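Peer 1: Sharing a structure, written as structure tokens. Questions coming.
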Amino acid sequence: MNTRTFLLALLSCLVFSQAMPVLVMGQNLDAARNDQIDRLKNYVLDAIQPSGLVRDSLVLNGNSFHPATPDAAGFALVSLSAFDHLGKLADAEQRVVDVLSAYAGQTPGVTPDRSADGHFLHFIDIVDGSDPPGWDDSYTPIGSALLVAGAQFAKNHFPNNATIASLTDQLTTSIDFNAAIDPSLNGRIFLDMGKQGGGVGGTVRPWNEFMLVESLALRQPNNDRALAVKDLWLDVDNLPKRNNTLTDNPGAYAPAFWVQQMHFFNGDFRHKTEFETFFENHKQVDKSYSTVVLGETSRYGITAGVSPQGYHADAIQNHPNNVFSPEAVAAWGDMDAFLEFYNSQLPTTDPRYKYGLVRESATQPTWVPNDAGLVDHLFLLFGLVESLDANFFADRVIPEFIFGDFQHDGDVDGDDFLEWQRGFGTDYDANDLADWQAHFGETAGLPLSAASAAVPEPSTLFLLLPISFVRYRHKRRNV
């Protein structure tokens, strides 16, 4: 099939997708979904080590050998919150504390290796957090960002647990995400950080999952680089696209996990309609391509993961062995396709299905993966949970960024002024006060309306400040 025919079919799919019927049979879905959630619970519990550190990947039928990673911990923290929400794990809250304590260096004998600016070594020993021999020695901004996002998610899910809140705050403030942004301010973000601090090696350009690094950097007091490149990551009009999907290169499609990861972890994506539209668009392109070009009747889900040739970041038009991911279709919210995968992988037919559905290859139909990484496999859980509660993730991800929201709780109010007052002269200056005044009354996802409460004049607010605050260090931000 030529490109023009595919694009015409794709356009039809995008335009009429809202009218497509839902064919799922409720009873069969409930049984399959419950079975998979239970298997995924065992998967997460087996990944969490006695130290509290979390293995990056598990062997599906044998002894696991992978070290721990910060990104796996972020996915595990979100998963534990989900199991608690579903009533599946009575001690989920304590397990969250154990994971956070280990990564925060508060567990005796566990000191994760980190860079001078707080970023975690990508692979760390499962017992003490040291550098394991034979594995990548880089310090990872995106892994550190996923850990913090997962911690913030758990903090929002367990709002009355002071220990979770304290450990989350320790982790969040200990990492300088702003330092991961290229100082040339071209929008690029470093793939790795050096042991002594600062970015090293290659960089990535907008748009991809590193949006999360930018989002967390924006919420730090020292956010000058993040502010300068904000519109290169968060303004959809500036982002490269291919056939109405987000990418970092208009000549190529992105792996599905880029938008799926942001959908489940980042409020700057999740709470912005324009970004969520690209999530839906990517789903439809994925499905249409698999049907029209690859000849699949039900399977799709082209994303990163293991393949017969090894690990590969599969994307549309770049997918060796035509591997399809049940994790991806669940994350897309397609329960019909999920059931099709389930019926072809009945749990009793292969011991490698013990942790849930696995990827399938059209060119090698007898192939079954040997292992599954948490950052790939747990999209299966996230999609199933969201099919039960459409607002579970939306209610717990970090709130959308708003200028003047110094507490990062999703609104600009009097509490933010008190936060500004406490940090005036160190973390904040008069320009921050101007931001607060301009956005007073705004709520994440809801712009300030003409009916909002009146904003106090700056002159009135300054009367509330102690005299010692009158002299301050000017800290003009580059926006």
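The values are calculated or read from the model by the stated rules, or taken from the named source; none is laboratory data. Just so we're clear, the structure is a prediction, and the values are computed from it rather than from any experiment. A quick note on method: Cβ atoms are made from the backbone with ideal geometry, for glycine too, and the neighbour counts reach across all protein chains shown.
Peer 1: Condition first: surrounded by fewer than 18 Cβ atoms within 10 Å (Cβ to Cβ) and modelled with pLDDT under 95. Now tell me which residues in the range 198-223 satisfy that.
Peer 2: Listed by number, the residues that qualify are Gly201, Pro221, Asn222.
Peer 1: What residue, among those in the range 274-303 that are at pLDDT 95 or above and among the hydroxyl-bearing types (Ser, Thr, Tyr), is farthest from Pro365 (Cα to Cα)?
Peer 2: The selected residue is Thr277.
Peer 1: Does any residue of the range 195-216 turn out to be over 20 Å from the mean Cα position of the chain (by Cα), within 15 Å of Ile402 (Cα to Cα) and of a type outside the set (Asp, Glu)?
Peer 2: no
Conditions (1) part of a loop (DSSP other than H, G, I, E, B); (2) surrounded by 24 or more Cβ atoms within 10 Å (Cβ to Cβ), marked per residue:
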site: Leu227; (1), (2): no, no
site: Leu232; (1), (2): no, no
site: Phe275; (1), (2): no, no
site: Glu280; (1), (2): no, no
site: Thr291; (1), (2): no, no
site: Arg299; (1), (2): yes, no
site: Ile302; (1), (2): yes, yes
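Peer 1: Out of everything in the range 82-105 that is over 13 Å from Ala151 (Cβ atoms) and of a type in the set (A, V, I, L, M), what residue ends up being farthest from the chain's Cα centre (by Cα)?
Peer 2: Ala90
Peer 1: Here is a follow-up. Taking the range 147-186 on its own, how many of its residues are surrounded by 24 or more Cβ atoms within 10 Å (Cβ to Cβ) and not in a helix (DSSP H, G or I)?
Peer 2: Of the residues in the range 147-186, 3 are surrounded by 24 or more Cβ atoms within 10 Å (Cβ to Cβ) and not in a helix (DSSP H, G or I).
Peer 1: If you check Arg352 against the conditions, is it over 22 Å from the mean Cα position of the chain (by Cα), part of a helix (DSSP H, G or I), of a type in the set (Lys, Arg) and outside the structural domain of Leu234 (by TED's automatic domain parsing)?
Peer 2: Yes, satisfied.
Peer 1: Is it fair to say Val96 is in the same structural domain as Ser144 (by TED's automatic domain parsing), within 26 Å of Asp38 (Cα to Cα) and buried (at least 20 other Cβ atoms within 10 Å of the Cβ)?
Peer 2: Yes, satisfied.
Peer 1: Under 8 Å between Cβ atoms, which residue pairs at least 6 apart in sequence (or on different chains) link something in the range 41-54 that is of a type in the set (S, T, N, Q) with a partner that is assigned to a helix (DSSP H, G or I)?
Peer 2: Partner pairs satisfying both residue conditions: Ser51/Ala102.
Peer 1: If you don't mind, another one. Between Ala180, Ala165, which is more than 19 Å from Asp395 (Cβ to Cβ) and of a type outside the set (D, E, K, R)?
Peer 2: Ala180
Peer 1: Which of the following residues is over 21 Å from the mean Cα position of the chain (by Cα) and crowded, with 24+ Cβ neighbours inside 10 Å: Ser115, Ser79, Ser64?
Peer 2: None of the other options fit; the residue is Ser115.
Peer 1: If you don't mind, another one. I'm told Thr203 meets every condition in (1) touching a residue at least 24 places away in the same chain (Cβ under 8 Å); (2) of a type outside the set (Gly, Ala, Ser); (3) within 25 Å of Phe257 (Cα to Cα); (4) out of contact with any Pro (no Cβ under 8 Å at 6 or more places or on another chain) except one. Can you identify the failing condition by its number?
Peer 2: Single failed check for Thr203: (1).
Peer 1: Filtering the range 119-142 down to residues that are of a type in the set (Asp, Glu), surrounded by fewer than 19 Cβ atoms within 10 Å (Cβ to Cβ) and touching a strand residue (DSSP E or B) at 6+ places or on another chain (Cβ under 9 Å), which residue is farthest from Ala47 (Cα to Cα)?
Peer 2: Asp137
Peer 1: Let me ask something else about it. Taking only the range 304-344 into account, find how many residues are in a loop (DSSP other than H, G, I, E, B) and on the phi < 0 side of the Ramachandran plot.
Peer 2: Of the residues in that region, 8 qualify.
Peer 1: Assess whether Gly194 counts as being farther than 15 Å from Gly74 by Cβ and in contact (Cβ under 8 Å) with a residue 24 or more places away in the chain.
Peer 2: Yes, satisfied.
Peer 1: With the checklist (1) surrounded by fewer than 19 Cβ atoms within 10 Å (Cβ to Cβ); (2) within 22 Å of the chain's Cα centre (by Cα); (3) under 24 Å from Ala165 (Cα atoms); (4) not charged (D, E, K, R) in hand, flag the one item Thr426 doesn't pass.
Peer 2: Of the numbered conditions (1) surrounded by fewer than 19 Cβ atoms within 10 Å (Cβ to Cβ); (2) within 22 Å of the chain's Cα centre (by Cα); (3) under 24 Å from Ala165 (Cα atoms); (4) not charged (D, E, K, R), the odd one out for Thr426 is (2).
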